[in-house]
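These notes are about the structure you will find just below.
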Amino acid sequence: MPRDAVVTNPVELLTYETDGSLGVGQPCALVLPRTTEQVVSAVRWARQNNIPIIARGAGTGLSGGALASQGGLVISFARMNQVVELDEVGRSAIIQPGIVHQSFDEFVKTKGLYYPPDPASGRACTLGGNLGENAGGPHCFKYGVTTNYITGVKAVLADGRVIVTGGRAFDYPEYDLTGVLIGSEGTLGVMTEAYARLIRNIPGVKTLMAMFDSVEQAGEAVSAVIARGLVPGTLEMMDRNMIGIVENYVHAGLPTDANALLIIEADGYPEGLDAQMSEIVDVMRECKAREMRLAKTAAERDQIWFARKSAFGAIAQISPAYLIVDGTVPRSKLGATLAAINQICATQNLRVGYVFHAGDGNLHPLILFDPRDADMVWRVHTAGQRVMELCVQQGGTITGEHGVGSEKVKYMSLMYNAAELQALQDIKDVFDPKHALNPGKIIPAYTLEPQPTKPAPAEKTCAPTTLEEAADALRAWNVLNPAPRVRIRGGGTKLSSREAESASSRDPSTAPLRGSAQDALLAMTEVTLSTRALRGITAYARNDLYVTVGAGTTLAELQTELARDQVWVPLASPWSESTIGGIVATNFNAPLRMRYGALRDLILAITTVLPDGRIIRAGKPVVKNVAGYDLPKLFVGSYGTLGVMTDVTFKIVPFPRARATMVVPVDDLDRGVKLGMELLRVCLVASSLLLCKGCEIPGSAASFDSAPLRSGYTIVYTVEGVPEDVQAELAQARQVVRAAGLSEIANADLATGTDVWARWINTASQSGTLTRTGVPPKDLPSVLNKIAPALRDARVVVDFAPGLIYAHDAPVEPMRRAARAVGGYAIVLRALTPQDVWGHTPDGFDLMRALKARWDPRGLLNPETFVVDGGSS
């Protein structure tokens, strides 16, 4: 480490004793590395000297996450501030953690791209801090939070080892360690690079300020907008106190006589903005907005947002300090929650102001106080605790985006029971056995009580009807000697070759075993736990846009129920029998992910039973929740090897108001790939962009001879959203097609790209071998060129946005070699004969094995089903 990169002077270290919270922590030293290798050197030195390690960005965090609360070495990433690589076509970037958020956003916008997470501190905070806290911001209601845009990270573990989780491809066959690291507040690893996903820059935006006579009226207006099926870019709220404070600070022309202010943005293609904003204005009028102001210029819009993002700094005019509490509640409970917080603060004789993300229910009450007044400090912390309790009672979380850190660790037991806290501790112990990384954060003390064990089910197939029955069965099987192999079964639609071979020899009978039950149980070698009885919707909130559904429910059943209210979970499956649990466990994503997000982005919460019978309720029915590690992501794509999912809570979205598909026949693979990559630049509201060989496209035969569509290559491009956006994007796509000298058809009657994909997968899975190859989208042309000989006689679907290649009856090894060369993978989805299914050993394989051993030390669940059971075999 260079001498100028090490700071030990106590005076110079004073800057690093605080962050944006109320806490203080004294580091023993500071290092400012420029490379991952220098970070490794610092971590190894700290490990050898038993010194805690604290990663730090800009110190803008509001929960004490960057404080050296137990002393230690602070690693500041101020000098690791480069964009390592920007891929404009594949829409991704490799970034270092020290880049200031706003600088990165402004840079990618010059390339026609957009990075949606936008914390209010974006002018100062760094991307590394955003990674550590899973930062959100005003646009998260529509576009999501940091974890939705990070596909992989490079991290230095507590022992100095460097691993890469995920990468620039999508849907790697591995536990989602990336999802666990994001939002872990530096307690699991020190992230030195991240692979960020970008989207096309939004071409148009309109910003409206709507003023109301009460916060309750403004809250009703938020719910009314959502009930209308509108999805604004932002829905922000301020109360009268904050309006006055901010206006006095920035002089932006805010209405200081209003009791509540909403900032609402409509975004998309310019052609559709007037219609969207007109409908929003109508809703505001219906909800008794007393005044509305539409920003007429970009400068006016910038002024509004400068005011909104200056709110925290403006407090210094009137108070020497404030406690900000960032709990999140379901949107429908905003009014009641705000009224209750006002009462809490009035009881404690404290002033409070609000500026918050109304669209996602993320509250930011700022409770003002003087830190020199000991009694007031006590009252502030008392009020803060009661607000946390209130948010949890309302079905929400103690922190939506600021993190747990050292300030909220004592409130974690409000959200998690001992079994759930133990699950978090298990993850911590796997990544950081000596607890050297940011100690004292996230996990409080707890006591885990043993659970009684009931007799094991006397049947080889168990179909529990409740969560508790599933837990009892697993707990009982776990103590048998020898332990049985427990196969989890949903709809049985996604069996690999290994599972198919095993399934053929199973006894599916549910009849009681012969002989004494105990003797029969001891002789068991394999049992099946079926989720078929865990069916139905258990919670549904149309206005809060979430649904909780049993794992044994088929996706078709769920969509049918939701369709009555013109909403859906934007998922699709090739098989009508596919269950929610099976789709989540296999991380089986459809092409429409490019419009709505992947499974990992749509899941808000999961209830799971671990192999030892511990019941884990992970997540909350709110869009933003950063309280603890992101446990739900671990179960997505885990193939049932970590636990039995009993229910899943999803985001739901309104039906698109318009949808259309464009079909373009092309002569060969090369020409199709070139056209697809050009069309990828256009995609904004596209829900699929495919290149198919051997696909049937319902509705196309009237315009094209159907034989070429089945035997030749075809581009299928689907767009959906508001009608004006659909037409605008199709017009741009047609220009690209015609510039390539080709012709197309486009209409609302054509099957969507997702429908074409589902039909193709269903047919291909009935015979032969079906594979999926994942590569970084930018590398699709080179990889497809390399494997073209292997695809000559195969049927193929290329999904451009996530860089996925589906092939039927093509040799897997050539695809595997080409994919590995660019950081990708190739797996076998279906085969009638035994195959090397995975062919992939993740960088964090030992961490995966260690976590599996923690939660399933006897290897009960789905043995020999996933990569974790045998590496590359």
The range 235-261, residues that are in contact (Cβ under 8 Å) with a residue 60 or more places away in the chain and either open to solvent by 50 Å² or more (accessible area, probe 1.4 Å) or farther than 20 Å from Lys296 by Cα (or both): Met237, Met238, Asp239, Asn241, Met242, Ile245, Val246, Asn248, Tyr249
Yes/no for Arg564 being surrounded by fewer than 24 Cβ atoms within 10 Å (Cβ to Cβ) and farther than 19 Å from Leu467 by Cα: yes
Tally of residues being among the aromatic types (Phe, Trp, Tyr), assigned to a loop (DSSP other than H, G, I, E, B) and out of contact with any Phe, Trp or Tyr (no Cβ under 6 Å at 6 or more places or on another chain) across the range 822-873: 1
Among the candidates Ala503, Ala471, residue that is modelled with pLDDT under 95 and surrounded by 14 or more Cβ atoms within 10 Å (Cβ to Cβ): Ala503
Qualifying positions in the range 262-289 - within 21 Å of Gly335 (Cβ to Cβ), open to solvent by 10 Å² or more (accessible area, probe 1.4 Å) and in a helix (DSSP H, G or I): Arg285, Glu286
Count of residues meeting criterion [more than 14 Å from the chain's Cα centre (by Cα) and crowded, with 23+ Cβ neighbours inside 10 Å] in the range 593-612: 5
Every residue from the range 755-800 that is out of contact with any Phe, Trp or Tyr (no Cβ under 9 Å at 6 or more places or on another chain), crowded, with 21+ Cβ neighbours inside 10 Å and not in a helix (DSSP H, G or I): Thr769, Phe800
Residue list for the range 474-489, restricted to those being hydrophobic (A, V, I, L, M, F, W, C), in contact with a strand residue (DSSP E or B) (Cβ under 9 Å, 6 or more places away or on another chain) and open to solvent by less than 10 Å² (accessible area, probe 1.4 Å): Leu474, Trp477, Val486
Residues being open to solvent by 20 Å² or more (accessible area, probe 1.4 Å), touching a helix residue (DSSP H, G or I) at 6+ places or on another chain (Cβ under 8 Å) and among the acidic types (Asp, Glu) - total across the range 407-426: 0
Odd one out for Ile805 among (1) of a type outside the set (Ser, Thr, Tyr); (2) crowded, with 20+ Cβ neighbours inside 10 Å; (3) within 17 Å of Leu684 (Cα to Cα): (3)
Failed item, numbered, when Val89 is tested on (1) open to solvent by 20 Å² or more (accessible area, probe 1.4 Å); (2) at pLDDT 95 or above: (2)
Elements of type strands (runs of 3 or more DSSP E) in the range 520-573, at least 2 residues being of a type in the set (Gly, Ala, Ser) and modelled with pLDDT of 95 or more: 537-541
Any hit, the range 650-670, residues being touching a residue at least 12 places away in the same chain (Cβ under 8 Å), open to solvent by 10 Å² or more (accessible area, probe 1.4 Å) and under 27 Å from Arg489 (Cβ atoms): yes
Among (1) under 16 Å from Leu610 (Cβ atoms); (2) at pLDDT 90 or above; (3) out of contact with any Gly (no Cβ under 7 Å at 6 or more places or on another chain), the one test that Arg489 misses: (1)
Residues located in the range 730-762, provided they are within 22 Å of Arg671 (Cβ to Cβ) and of a type outside the set (A, V, I, L, M): Gln732, Arg734, Gln735, Arg738, Gly741, Ser743, Glu744, Gly753, Trp757, Trp760
The one condition in (1) within 19 Å of the chain's Cα centre (by Cα); (2) farther than 29 Å from Ser63 by Cα; (3) surrounded by fewer than 24 Cβ atoms within 10 Å (Cβ to Cβ) that Thr538 fails to fulfil: (1)
Whichever residue in the range 432-468 is within 28 Å of the chain's Cα centre (by Cα) and β-branched (Val, Ile, Thr) and, among such residues, is surrounded by the most Cβ atoms within 10 Å (Cβ to Cβ): Ile442
Residue within the range 381-396 that is part of a loop (DSSP other than H, G, I, E, B) and open to solvent by 20 Å² or more (accessible area, probe 1.4 Å) present: yes
1 or more residues out of contact with any helix residue (DSSP H, G or I) (no Cβ under 8 Å at 6 or more places or on another chain), touching a residue at least 24 places away in the same chain (Cβ under 8 Å) and crowded, with 24+ Cβ neighbours inside 10 Å: qualifying strands (runs of 3 or more DSSP E) within the range 93-212: 190-197
Looking only at the range 574-585, and only at residues there that are among the polar types (S, T, N, Q) and surrounded by fewer than 24 Cβ atoms within 10 Å (Cβ to Cβ), the one that is farthest from Arg535 (Cα to Cα): Ser576
Conditions (1) outside any helix (DSSP H, G or I); (2) among the aliphatic types (A, V, I, L, M); (3) open to solvent by less than 20 Å² (accessible area, probe 1.4 Å); number of the one not met by Val623: (3)
Boolean, Ala807 is under 33 Å from the mean Cα position of the chain (by Cα), in contact (Cβ under 8 Å) with a residue 12 or more places away in the chain and assigned to a strand (DSSP E or B): yes
Single residue of the range 321-341 satisfying the filter (in contact (Cβ under 8 Å) with a residue 60 or more places away in the chain and small (Gly, Ala, Ser)) that is surrounded by the most Cβ atoms within 10 Å (Cβ to Cβ): Gly327
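The values are calculated or read from the model by the stated rules, or taken from the named source; none is laboratory data. These figures come from a predicted structure and were not determined experimentally. Here the Cβ is made from the backbone with ideal geometry for all residues, glycine too, and neighbour counts use every protein chain on show. Just so you know, the surface numbers come from the protein's heavy atoms only, side chains and all, with ligands and any DNA or RNA stripped out. Shrake-Rupley method; radii C 1.70, N 1.55, O 1.52, S 1.80 Å.
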